[in-house]
Amino acid sequence: MTTDRVRGVSLLAGLDDLIASYRERYGEGRPYQILLAIRAMYGGAQPPGRIQRGKIIRAVWRDEIKQYKPTLQDSRVRLLSNTFSAHKKILNERFREMFKAGTNPRGLGLVKGEVFGVLEEEDIEAYARKIKSPWLVEDLQYRVELIDRKGRLAKVEKRTWLKALEPGLQHYPHQIRADGRTEAIEVIPGKKLSEEQKLGGVDVVQVFDPPFSFHESREVVLRFNWVDAFRNEVEYLVHFVRFPHKGRTRIEVIFPKDRPYKQYEIYRGGVAGEVSLLQGGLELEEKKPEEGMGKDGRSILHWEIDNPPHRERYRLVWAW
């Protein structure tokens, strides 16, 4: 047996062990299904140099794609490419965790071409520079306090730790999207340059004085009230990763004492303004929110994630 063939056989045996360890640690969710689909494409002892992403998507999302007309299926596969990329990022984050835990000794993960190879350390800031993003988010805390049981008033606070990737940055855009009205908008530090009404919400520009220096980090705060935004039996809160994020995102929803949540779930993916789970491409997020209780007896849902994929959407849904 040639050296290359021996290496190929060794890799395949190692992959089977790695996938089994992944299943034991993280379960059989969508990322695991992606692993199985890729493993099935390793037909011989010699690993492929590249695997067609479309084939993986068609295998993993088969049932969803079949619900579209044949003429629309190719378009659906292309749209699911972003969802696949987000899952690939999750997989590689978990493979890095397994490497640190000693259960992925070779440091394997999915590399360019959707094949298995040795992972390099991810540099999110380098990615932000590559796409010419002016900002890097280093930490974000998103807190929504539902004041009354009918959902007529909610107090919102977003705390974002920003790092400037260009010198002299002075403006930071906020997008506020929800049903109902947005009132009492406040930004700290600096001031509001403008408020522009958009479909489903408001765009606000925060102005800093003095401007950010190159590589400077500051905490910026956005506060506002949502009026008549959460009036339905089933409601949700959306977070969109607008700028590259190297750090932790925390989402917290506080419920009225006389109307706590009954059920909850968190989804990822979808498109702006889309409610339908199928048409919006939403999928259940594997990491679930944590339940809590405030000192005043109010119920709290808390969810957090490290290094969320750029341009991903997260939707925390609850029935109350």
Applying the selection to the stretch 292-320, what residues are farther than 27 Å from Glu125 by Cβ and touching a Ser or Thr at 6+ places or on another chain (Cβ under 7 Å)? Met293
Selection within the stretch 41-79 - more than 14 Å from Glu114 (Cβ to Cβ) and touching a residue at least 40 places away in the same chain (Cβ under 8 Å): Ala45, Gln46, Glu64, Gln67, Leu79
Looking at the structure I just gave you, is Leu12 aliphatic (A, V, I, L, M) and at pLDDT 90 or above? no
Counting only residues that are under 19 Å from Gly109 (Cβ atoms) and among the small types (Gly, Ala, Ser), which one in the stretch 38-67 is surrounded by the fewest Cβ atoms within 10 Å (Cβ to Cβ)? Gly49
Please verify whether the stretch 281-293 includes one or more residues that are at pLDDT below 95, more than 24 Å from the chain's Cα centre (by Cα) and not aromatic (Phe, Trp, Tyr). yes
Would the stretch 204-225 turn up any residue that is at pLDDT below 95, crowded, with 17+ Cβ neighbours inside 10 Å and either not assigned by TED's automatic domain parsing to the domain that holds Gln175 or not in a strand (DSSP E or B) (or both)? no
Within the stretch 123-133, how many residues are in contact (Cβ under 8 Å) with a residue 60 or more places away in the chain and more than 12 Å from Gly247 (Cα to Cα)? 4
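The values are calculated or read from the model by the stated rules, or taken from the named source; none is laboratory data. Small disclaimer: the values here were computed from a predicted structure and weren't measured. Because the Cβ atoms are built from the backbone with ideal geometry, glycine has one as well, and the counts that use them run over all protein chains shown.
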